[in-house]
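The values are calculated or read from the model by the stated rules, or taken from the named source; none is laboratory data. A quick note: this is a predicted structure, and the numbers were derived from the prediction, not measured. Cβ sites come from the backbone with ideal geometry, for glycine too, and all protein chains shown count toward neighbours. For the accessible areas, the whole protein counts, side chains as well, though only heavy atoms, and no ligand, DNA or RNA atoms are used. Shrake-Rupley method; radii C 1.70, N 1.55, O 1.52, S 1.80 Å.
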Amino acid sequence: MDKESQEHLALLLRGQRIAALGTLRDGAPLVTMVLFAAAPDFQVFYLHTSRLSHHTQDVLKDKRTSLMISELSFNPLEDPQLLRRISLVGETEIVPKDSLEYADAQTLYLDKYPQLDYTFQMGDFDFFRFKPYKARYVAGFAKAFNLEPRDLDRIAFDL
């Protein structure tokens, strides 16, 4: 992958605020919007979600999930096929509240979403760790790359 595509991917993973989370609900796919915070090495993406939501209930039953992060466009004349996006396939598991990882995830999350500190006072919210094992990055029209966790780690630190 060329340097420019790597730089855009790093910006996408660090800068975007919303993602689409794919779960399995009663044997069928369900896609919902979630907020995420990427670990510095892009090996894990943290989701702080309510147990009342369908996607959280689904993850607790089946950890197989996918996450799609995309650039946003508000220009109706822009070709949406040129938007950069990454689809990640992996597993999502709960992060124990009494763990050091939870404290680190909370710091990372609140650095990105300081306005959401109130959600940590609500008893139904938990942190979940999405860990990808493969990904497909589309850097624009007819420009796509298959990635593994080691590629994401390299991109996180080579820039």
List the number of the failed condition for GLN81; all other conditions in (1) closer than 17 Å to MET33 by Cα; (2) in contact (Cβ under 8 Å) with a residue 40 or more places away in the chain hold.
(1)
Would you check which residues across the stretch 108-141 are within 16 Å of SER70 (Cα to Cα) and aliphatic (A, V, I, L, M) and list them?
ALA135, VAL138, ALA139
Single match in SER99, SER70, SER50, SER87 (criterion: under 14 Å from the mean Cα position of the chain (by Cα), over 19 Å from ASP153 (Cβ atoms) and hydroxyl-bearing (Ser, Thr, Tyr)):
SER70
Which one is most open to solvent (accessible area, probe 1.4 Å) among residues in the stretch 100-125 that are of a type in the set (Gly, Ala, Ser) and over 12 Å from HIS48 (Cβ atoms)?
GLY123
If we scan the stretch 17-24, do we find a residue that is under 10 Å from the mean Cα position of the chain (by Cα) and of a type in the set (D, E, K, R)?
yes
Could you please find all residues in the stretch 100-155 being in contact with an Asp or Glu (Cβ under 8 Å, 6 or more places away or on another chain) and assigned to a helix (DSSP H, G or I)?
LEU110, LEU152, ASP153
